[in-house]
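Shown next, in structure tokens, is the structure this report addresses.
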Amino acid sequence: MKKLTTILLLAALLIPVAADAAETYSGDKREGLYQWWHDNGQLKYEDTFVDGKLDGLGHWWDDNGQLKSEHCFRAGTGTDMSYCKKEQQQ
């Protein structure tokens, strides 16, 4: 058992961590800001998760940093942009 634990620990240390994403989990669900970058370092996606579901205003950029898309979600379902604009004003 000790040998298996050592092997698993070493394997966990050797697995590369994704350097192109930043995300937070609460248990097994995404929570808070999620960001993903293009290979050249430009921000690619930025979304917010609440209880594992997309919620709020999100953005997608091309690899030159130009905004491609802006979208709005409420509890995991796409919704009208007015919901997100109202949330930003509060």
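The values are calculated or read from the model by the stated rules, or taken from the named source; none is laboratory data. What you see is a predicted model, and the numbers here were worked out from it, not measured in a lab. Here the Cβ positions follow ideal geometry from the backbone for every residue, glycine too, while neighbour counts run over all protein chains shown.
Which members of the range 27-71 meet the condition of being under 13 Å from the mean Cα position of the chain (by Cα) and over 21 Å from E87 (Cα atoms)?
Answer for the range 27-71, where residues must be under 13 Å from the mean Cα position of the chain (by Cα) and over 21 Å from E87 (Cα atoms): K29, W36, W37, L43, K44.
Specify which of the listed residues (D63, D39) is exposed (fewer than 11 other Cβ atoms within 10 Å of the Cβ) and either at pLDDT below 95 or not in a strand (DSSP E or B) (or both).
Criteria check complete, one pass: D39.
Would you check if there is a residue in the range 69-82 being loosely packed, with under 14 Cβ neighbours inside 10 Å and at pLDDT below 80?
no
What are the residues in the range 57-73 that are touching an Asp or Glu at 6+ places or on another chain (Cβ under 9 Å) and more than 15 Å from D20 (Cα to Cα), if any?
Within the range 57-73, L57, G58, H59, K68, H71, C72, F73 meet the criteria.
Could we say that D51 is loosely packed, with under 13 Cβ neighbours inside 10 Å and within 13 Å of A21 (Cα to Cα) here?
Considered against the rule, which asks whether it is loosely packed, with under 13 Cβ neighbours inside 10 Å and within 13 Å of A21 (Cα to Cα), D51 comes out as no.
Could you list, ordered by first residue, the pairs with Cβ atoms under 8 Å in which the first is in the range 56-79 and over 18 Å from W37 (Cβ atoms) and the second is among the polar types (S, T, N, Q), at least 6 apart or interchain?
If the second residue must be among the polar types (S, T, N, Q), the pairs left are G56/T48; L57/T48; L57/Q88; C72/T79; F73/T79.
Yes/no matrix, rows are residues, columns are (1) of a type outside the set (S, T, Y); (2) touching an Asp or Glu at 6+ places or on another chain (Cβ under 8 Å):
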site	(1), (2)
A21	yes, no
Y25	no, yes
H38	yes, yes
Q42	yes, yes
D55	yes, no
A75	yes, yes
G78	yes, no
